[in-house]
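No value in this document is a laboratory result; all are computed from the given coordinates. Everything numeric in this text was worked out from a predicted model, so none of it was measured. A quick note on method: Cβ atoms are made from the backbone with ideal geometry, for glycine too, and the neighbour counts reach across all protein chains shown.
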Amino acid sequence: MKTALIAVSEKGASLARVLASRFQSASFVYTSYAREGQTPFEEIRTITQKLWAEYEGLVFVCASGIAVRAIAPLVTSKYDDPAVVVTADNGAYVISLLSGHEGGANNLAMEVAACINGIPVITTASEASPHPMPRNLIAGIGCRRGVSATALRETLEKVLDGNRLSLLRLRSIASIDIKKDEPGLLELAETLGAPLLLYSAEELNAVPGEFSISAFVRDVTGTDNVCERAAVLGAGSKGRVIVPKQIMDGITIAVCEKVIDRDEEPKND
């Protein structure tokens with residue numbers, strides 16, 4: 001999600017700088033106290049109007065009232081408006097303010113909170129549950145050679161966002177063992193802090209179930225489906241497919257939900 005950070009105080013500008021260094025999608029920072037690498041502005045309503053149609057997500061580092069007044073004239077529809085998140089300049093709480101489900105603000109708030117050790121505040125009925133959420137998603141990934149970690153992450157985020165799933169729930173990434181030296185996949189796993197599970201073609205072929213079959217993939221890898229089979233194998237016998245095979249720009253992704261015991265549930269530090 002292409003995201004812009006907007007800060008209105010010197011302390012907020014410092015937090016935005018820290019957030020930009022940790023949050024991969026937020027590469028553009030706008031602040032009235034601009035430092036190196038930040039873009040200055042004078043009037044928050046003017047800069048908000050400029051960014052509204054350019055970005056999929058806006059993160060305001062300021063009081064919620066300031067953010068509300070800045071976006072009020074621009075709000076039209078939850079299907080068209082960008083995701084809007086707001087956090088105070090101390091980063092204690094991160095509020096999903098606008099376009100929670102459809103626009104992805106709920107997931108954005110949780111990702112921002114994870115970057116600055118804040119508490120996400122989600123008010124939509126179906127997601128207003130205690131956080132942190134369990135890390136129980138296994139993403140099975142197949143890709144052509146040479147795909148970058150950035151492309152892989154953007155595709156993974158699109159798949160998760162499109163199915164109202166948070167990246168913070170990602171437990172591990174699963175693929176075929178011929179990808180053991182794939183730089184993009186290795187970097188993705190390291191960046192997300194998700195172990196990379198690799199399986200042989202024989203192990204993948206032995207996974208029971210109905211899968212989307214590709215003769216081309218079978219000729220190249222020795223198995224007719226990498227992403228779904230790897231996700232299922234990584235999730236274990238009690239796991240279930242919640243996102244079947246998705247294909248985008250030479251990348252295939254499937255997501256399984258793993259059933260885990262409470263005592264083995266990792267924390268979102």
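Could you list, in their original order, any pairs among 78/180; 11/180; 2/179; 78/179; 50/258; 50/180 whose Cα atoms are separated by more than 32 Å?
Table pairs above 32 Å Cα-Cα are 78/180; 11/180; 78/179; 50/258; 50/180.
In nm², what is the average projected area of the convex hull enclosing the Cα atoms of the stretch 80-121?
Mean projected area for the stretch 80-121: 2.4 nm², to one decimal.
Using all alpha carbons of the chain, what is the percent of pairwise distances in each 10 Å bin, ordered from the shortest bin to the longest?
It works out to 7, 29, 31, 20, 10, 3, 0, in whole percents.
What share of Cα pairs, in percent, lie more than 24 angstrom apart in the stretch 58-208?
Every Cα pair in the stretch 58-208 considered, those over 24 Å come to 42 percent.
DSSP beta bridges in the chain, what fraction antiparallel, as a percent rounded to 5?
Percentage antiparallel, nearest 5: 40.
Per the helix-only calculation at 222 nm, which mean residue ellipticity applies to the chain, given -39500 (n - 2.57) for every DSSP H run of n ≥ 4 and division by its residues, nearest 500 deg cm²/dmol?
Dividing the helical sum by the residues of the chain leaves -9500 deg cm²/dmol.
Treating the stretch 137-264 as a set of equal point scatterers at the Cα positions, no solvent, please give the Debye-formula log₁₀ I(q)/I(0) at q = 0.09, 0.10, 0.18, 0.19 Å⁻¹.
-0.21, -0.26, -0.89, -1.01
If you count, for each residue, the other Cβ atoms within 10 Å and average over each peptide, how do 196-208, 79-91 line up from highest to lowest?
Top of the packing list down: 79-91, 196-208.
Taking the number of other C-beta atoms within 10 Å as the exposure measure, put 173, 116, 247 in order starting with the fewest.
247, 116, 173
Note the angle between two axes, namely the Cα long axis of helix 183-192 and the longest principal axis of the Cα atoms of the chain, as a number of degrees from 0 to 90, rounded to the nearest 10.
That helix lies at roughly 50 degrees to the long axis.
Return the distance in nm (one decimal) between the two label points of a simple spin-label model at residue 72 and residue 163, each offset 7 Å from Cα along Cα→Cβ.
Simple spin-label model gives 4.0 nm for this pair.
Over the stretch 3-127, consider all pairs of different Cα atoms and compute the Kirkwood hydrodynamic radius from their mean reciprocal separation; express it in Å, one decimal.
Across the stretch 3-127, the inverse of the average 1/r is 13.9 Å.
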